[in-house]
Number of protein chains: 2
Amino acid sequence: MTAKNPAQALDNQLCFTVYSMAHAFNRAYRTILAPFDLTYPQYLVLIVLWAEDGLSVREIGAKLFLDSGTLTPLLKRLEAQGYVRRARDKADERQVRISLTDEGRALQERASGVPQEIGCTLGMAGDEYRALLGQLADLRGRLQAYEPQAIQEDEPG
Amino acid sequence: MTAKNPAQALDNQLCFTVYSMAHAFNRAYRTILAPFDLTYPQYLVLIVLWAEDGLSVREIGAKLFLDSGTLTPLLKRLEAQGYVRRARDKADERQVRISLTDEGRALQERASGVPQEIGCTLGMAGDEYRALLGQLADLRGRLQAYEPQAIQEDEPG
DNA sequence: TGGAAATGAATTGCGCGCAATTGATAAATC
DNA sequence: GATTTATCAATTGCGCGCAATTCATTTCCA
């Protein structure tokens, strides 16, 4: 630990912890979702649609913080797998509405064990879980509100 | 909120919060690191090297939880930018040692304002920050210890 | 010592994730 | 009503992130 700037030390960085935790989650989900031939982002889209079917690409993106550049190819894959249908909105042809197929709806039951599977991996008490969740959502909000500003170079901490 | 399985609801999911927070961090870093032509993973590699120069690809990967499939092209880009050198270890030619160039070392000073820039964005007290950090690192450990096991389908919660 | 096993990096293939652009449709403005 | 502006999805390009494979080198050990 001979870093001149302690703030740059890796172990102390919240961002790195979140970054590496996201990857750890992703790897765990990869295994758990393998029987359904789903990736974690695809599973997230299905969770959204199970709660409310027939959303537009934009509406799905708003819930998941993703844009069309990510969602369009992802949704095409879900369509190719037979889980969703993509169709232009009759009233507003700019929008594409995503609706579940029978197979997509049936998947909700088939995959109902997934959250428990992940939950067991974490092994947290309910209160602890909810407190952590609140803190993280709060942090995410502050990050998303981040307004880019010029950074001064050569300004030793 | 008509989901049959409440555990599948999006807002309650710790994994989704971590997932979307990681992206929020990434977007914030994209702006902050733009003046240095660095991505966040590239910046992480430099932090590791600033602490300990001359590590092998494998050693860097162990610290960042990344493998050669990710690191090799990333390190080639850092080399192309003139921040690091890649050279086979004389004693063990299987390993490739990564060492900072003068420019790579100088970057540590130039980028010394980055952690503060991110920290301001978060706006947390020190104690709160450390407690959160500890919880997350603990969770990451449990996730990384996850042993894949078969999932039973059709098991309504 | 010679062959099998292990190790380390590189490569391939695929799916995100996002900035930037394009093209089509709808809404706003004059 | 024609033109400008805004909105939405799709596309392009690039950099991860990781599983799986390949190739070279080293270690193990019989």
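The values are calculated or read from the model by the stated rules, or taken from the named source; none is laboratory data. Please read all numbers here as calculations on a predicted model, not as lab measurements. Cβ: placed from backbone, ideal geometry, glycine included. Neighbour counts: every protein chain shown. Heads up: the accessible areas ignore ligands, DNA and RNA and are worked out on the full protein's heavy atoms, side chains in. Shrake-Rupley method; radii C 1.70, N 1.55, O 1.52, S 1.80 Å.
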In the calculated pair distance distribution of region A:13-111, what percentage of Cα-Cα distances lie above 18 Å? 49
With DSSP loop assignment and no more than 14 other C-beta atoms within 10 Å, the trypsin sites (Lys or Arg not before Pro) in region B:44-111 are B:LYS90, B:ARG94
Given H placed on each backbone N at 1.01 Å, which residues far from A:VAL84 in sequence or on other chains put an amide H within less than 5 Å of it? A:GLU79, A:THR101
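To the nearest 0.05, what FRET efficiency results for A:GLU79 and B:ARG142 with a Förster distance of 30 Å applied to their C-beta separation? All intermediate terms of the calculation are to be shown ahead of the outcome.
On the way: r = 35 Å, r/R0 = 1.18.
FRET efficiency, A:GLU79 to B:ARG142: 0.25.
Estimate the FRET efficiency between B:ARG86 and B:ARG130 by the formula 1/(1 + (r/R0)^6), using the beta-carbon distance for r and 45 Å for R0, to the nearest 0.05. The partial results should precede the final answer.
On the way: r = 36 Å, r/R0 = 0.80.
Computed FRET efficiency for B:ARG86 and B:ARG130: 0.80.
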J(HN,Hα) series, region B:42-52, from Karplus relation 6.51 cos²θ - 1.76 cosθ + 1.60, nearest Hz, glycine and proline x: 5, 4, 4, 4, 5, 4, 4, 6, 5, 6, 8
Residues of region A:89-114 with accessible area at least 20 Å² lower in the all-protein-chain context than alone (1.4 Å probe)? A:GLN108, A:GLU109, A:ARG110, A:SER112, A:GLY113
Calc'd 3J(HN,Hα), region B:59-65, phi into Karplus 6.51 cos²θ - 1.76 cosθ + 1.60 (θ = phi - 60°), Hz, glycine/Pro = x, comes to 5, 4, x, 5, 6, 9, 6
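In whole percent, how big is the carbon plus sulfur part of the accessible area of region A:13-111, probe 1.4 Å, protein atoms only?
Values: 2180 of 4460 Å².
Percent of accessible area from carbon and sulfur atoms in region A:13-111: 49.
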Give me, ordered by chain and number, the residues 5 or more places off A:SER56 or on other chains with an amide H under 5 Å from its own placed amide H. A:ILE98
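Estimate for me the total accessible surface buried between chains A and B (protein heavy atoms, probe 1.4 Å, no ligands or nucleic acids), in Å² to the nearest 100. Could you put the intermediate results ahead of the total?
Values: alone 11690 and 11680 Å², together 15850 Å².
About 7500 Å² of accessible surface is lost on pairing.
Leaving out ligands and nucleic acids, note down the accessible area per residue over region B:37-110 with a 1.4 angstrom probe, in whole Å². Numbers along the way, then the final one.
Values: 3780 Å² over 74 residues.
On a per-residue basis, 51 Å².
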